[in-house]
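Below: the structure, in structure tokens.
No lab work stands behind these numbers, since they all come straight from the coordinates. In this text, all values refer to a predicted model and were calculated from it rather than measured experimentally. Glycine also receives a Cβ, built like all others from the backbone with ideal geometry; neighbour counts cover every protein chain displayed.
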Amino acid sequence: MYEGTIQDLIDELGRLPGVGPKSAQRIAFHILSADPADVTRLANALRKVKDLVRFCTVCFNVAESEQCRICRDARRTDEVLCVVEEPKDVVAIERTGEFRGRYHVLGGAINPLEGIGPDNLRIRELMQRLGSGAVRELILATDPNTEGEATATYLALMVKPMGIAVTRLASGLPVGGDLEYADEITLGRAFEGRRAV
Amino acid sequence: MYVRRLELVNFRSYERVELEFDPGASVLVGPNGVGKTNLVEALGYVATLGSHRVATDAPLVRAGAASAVIRCEIVHDGRELLVELEIVPGKANRARLGRSPVRRAREVLGALRLVLFAPEDLELVRGDPAERRRYLDDLLVARLPRFGGVRADYDRVVKQRNALLRSAYLARKTGGSRGGDLSTLDVWDAHLARHGAELLAGRLELVAALTPHVAKAYDAVAAGKGAAGIAYRPSLELAEPAPNRDALEAALHAALAEARQSEVERGVTLVGPHRDDLTLSLGPLPAKGYASHGESWSYALALRLAAYDLLRADGIEPVLALDDVFAELDAGRRERLADLVSGASQLLVTCAVAEDVPAELRGARYQVREGEARRAG
């Protein structure tokens, strides 16, 4: 244990995801020995992120104004809507440069163990967006785990009767990898989802 | 397949121990409580990434040490493979295959195929259905690794579904205005039926393949004293003969719909492979409750030997480890067991008294003392 202020900092850092007690200590002492200007910049960034960043009123991605950059972009099509769990999933899909439609960020997945049901996600808002009639295809890009699959099934059951095409991202082998190194679960699913060439 | 070298660092009672083995029989001799079982337990850990004795990893690490290391050299089809595992309680294990680190410890599964019989296996006959389900599922995964994923998916769905039912149950009990939100229950039903059907189909096929091996193994161990029969007992009615996966999924779905009322009332999932059992019978009677201690022991042994036989019939040549088994058997059963297992590519036997082991299995001998083990001829 260190005295007062430095221990406070270590405790706060230790509460961050992925930061253990050892890392927290290292970061704290790095900050202590760093240039004051650098530390001020970090402190300002931390303060500003809570003050300025908010959620887009349309898709609930992180944004700095009423609507996020993607929702404001007139070049994108309204016909395809991609549903993801978290804002970082938007970034991941954007990196591909393949998708030119819009997003909808649910804010998580259905997870009864953590007490998260459909009411805790932005599903009502999604239904309102779909109600406008502009969307022709809904892409379900929730995580390929138990909770993500359940969320996808739930949405598919709700949306299909509306006459909107519903698709799910394929799960399968990583590109550029060797078949022999794929784990048996991934390979098993890839087998199940095989297609004619 | 055989284990050529086993090295343990800070594992259980061993600060450091290194043993070399030959194919064929090896006997580990030592008084009770000096750590013979720890050696086979370490091999079991390499094969399954779990201990057959404890559910958590903490007891595996020697008191005062931060982590334990198991190094194991396996020879298979003339090729050798080095598996290294570092067990860090409360954290993910680190693993290396052939000196290069692997992303997940799970990737070492399959490097060592081991069938282990230990005194704890008596629970297979006397214990809860969960013991027998684990026996079936472990064997299923050993034969078809894909089922490792199926099993994990299914367990997760059951957990989530139970959490949902439970929260609805609690909400109703405390008079909550909403009575719990069950709007996603249909979704969980669909996923439970899908993964459950896959698991169920795998188990049914496994039991069909295993049945003759169990009968044969029990007959060999017990010498014609009653016929052993195993049967899968599902938690729902199934058509005969065993239906295919789609039919199973439909059957599970229907059974869930039927059980919905009582599930909501009790707040727990009542239908599915997690409620099934494997019934063991001796002649016309169930083994559980009717079999004597000796019969139960022979039955548990027969289940392991049947698993061993089945893997061999599949073309897998597993290592066989018999922990403290001969002391429990009379002379006749010892001889019959020896005949049965003497053809194993590698057989590891632990015992307190070397004379308990039939002569034909007395291969290389290892003396085990407190915290150390050495080859003794």
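Within segment B:336-377, the GluC sites (Glu not before Pro) that combine a DSSP coil assignment with at most 13 other C-beta atoms in a 10 angstrom radius are B:GLU370. Once C-alpha pairs closer than 8 Å and six or more residues apart are averaged by separation and normalised to the residue number of segment B:4-47, the relative contact order reads 33 percent.
For chain B, a crude dipole built from +1 on the beta carbon of Lys and Arg and -1 on the beta carbon of Asp and Glu, taken about the Cα centre, is about 1000 debye to the nearest 20. If you wrap the tightest convex hull around every Cα atom of segment B:90-144 and split its volume per residue, you get 127 Å³. Estimated from the Cβ-Cβ distance and a Förster radius of 35 angstrom, the FRET efficiency linking A:ASN44 and A:GLN128 is about 0.40. As a length-normalised measure over Cα pairs under 8 Å and 6 or more apart, the relative contact order of segment B:68-214 settles at 13 percent. Computed from the alpha carbon atoms alone, the convex hull of segment A:70-196 holds 141 Å³ per residue.
For segment A:35-86, the Cβ-based charge dipole about the Cα centre amounts to some 180 debye (Lys, Arg positive; Asp, Glu negative; other atoms uncharged). Mean per-residue shielding of peptide A:184-192 is 4, counting Cβ atoms of other chains within 10 Å of each Cβ. Return the average number of partner chain Cβ atoms within 10 angstrom of each residue Cβ along peptide B:137-148. Per residue, the number of nearby Cβ atoms from other chains is 2 on average.
Legend: mean number of C-beta atoms from other chains within 10 angstrom of residue C-beta atoms, peptide A:112-124, equals 3. Estimated translational diffusion coefficient (Stokes-Einstein, Kirkwood radius over Cα pairs, 4 °C, 1.567 mPa s) of segment B:125-194: 91 µm² per second.
Computed on segment A:102-173, the Cα convex hull volume stands at 93 Å³ per residue. Restriction of the trypsin sites (Lys or Arg not before Pro) in segment B:174-240 to DSSP coil positions whose beta-carbon has at most 10 other beta-carbons within 10 angstrom yields B:ARG178. Of the Cα atoms belonging to segment B:194-326, the radius of gyration and Dmax stand at 17.5, 51 Å. Computed log10 I(q)/I(0) for the protein assembly as shown at 0.06, 0.08, 0.11 Å⁻¹: -0.42, -0.73, -1.18, from the Debye equation with unit scatterers placed on every C-alpha and solvent omitted. Between segment B:90-104 and segment A:79-109, the C-alpha centres lie 33 angstrom from each other. If you model segment A:63-104 as an ellipsoid using its alpha carbon gyration tensor, with each semi-axis the square root of five times an eigenvalue, the axes come out at 14, 14, 10 Å, biggest first. In the protein assembly as shown, a dipole from Cβ-located charges (positive for Lys and Arg, negative for Asp and Glu) runs towards its positive end, and of B:LEU310, A:ALA28, B:TYR154 it is A:ALA28 whose Cα lies farthest in that direction.
State, as an integer percentage, the relative contact order of chain B based on alpha-carbon contacts under 8 Å between residues 6 or more apart. Provide the component values of the computation, followed by the final result.
On the way: 689 pairs, mean separation 99.2, N = 377.
This gives 26 percent for chain B.
Placing +1 on the Cβ of every Lys and Arg and -1 on the Cβ of every Asp and Glu, with no other charges, gives the protein assembly as shown a dipole of roughly 1060 debye about its Cα centre.
Spherically averaged projected area of the convex hull of Cα atoms, segment A:4-52: 3.8 nm². Taken over the alpha carbons of segment B:1-76 as equal point scatterers, the Debye sum produces base-10 log I(q)/I(0) values at 0.17, 0.28 Å⁻¹ of -0.65, -1.51.
Over the residues of chain B, the helix contribution to mean residue ellipticity at 222 nm works out to -14000 deg cm²/dmol, using -39500 (n - 2.57) for each DSSP H run of at least 4.
Any idea which of B:LEU60, B:PRO89, B:LEU165 is furthest toward the positive side of the dipole for segment B:59-176, if Lys and Arg beta-carbons carry +1 and Asp and Glu beta-carbons -1? Going by the Cα projections, it comes out as B:LEU165.
Peptides A:158-166, A:85-93, A:99-107, A:130-138 ordered by packing proxy, namely the average of other Cβ atoms within 10 Å per residue, highest first: A:99-107, A:85-93, A:130-138, A:158-166. Calculate the length of the line joining the C-alpha centroid of segment A:2-24 to that of segment B:258-329, in whole Å. Value for the Cα centre distance between the two parts: 50 Å. Distance between the C-alpha centres of segment B:212-255 and segment A:154-197: 33 Å, rounded to the whole angstrom.
Annotation: the residues B:VAL141, A:VAL197, sorted from fewest to most other C-beta atoms within 10 Å of their own C-beta, follow the order A:VAL197, B:VAL141. Of the residues A:VAL166, A:ALA156, A:LEU52, the one whose Cα sits farthest toward the positive end of the charge dipole of segment A:39-166, with +1 on the Cβ of Lys and Arg and -1 on the Cβ of Asp and Glu, is A:LEU52. For segment B:102-258, the spread of Cα positions along the three principal axes, ordered from largest to smallest, is 65, 44, 31 Å.
Over the C-alpha trace of chain B, radius of gyration and Dmax come out as 22.6, 76 angstrom. Axis of helix B:245-266 versus longest Cα principal axis of chain B: the two differ by about 70°, to the nearest ten degrees. Every helix of 4 or more DSSP H residues in chain A counts as -39500 (n - 2.57), and over all residues that averages to -13500 deg cm²/dmol at 222 nm.
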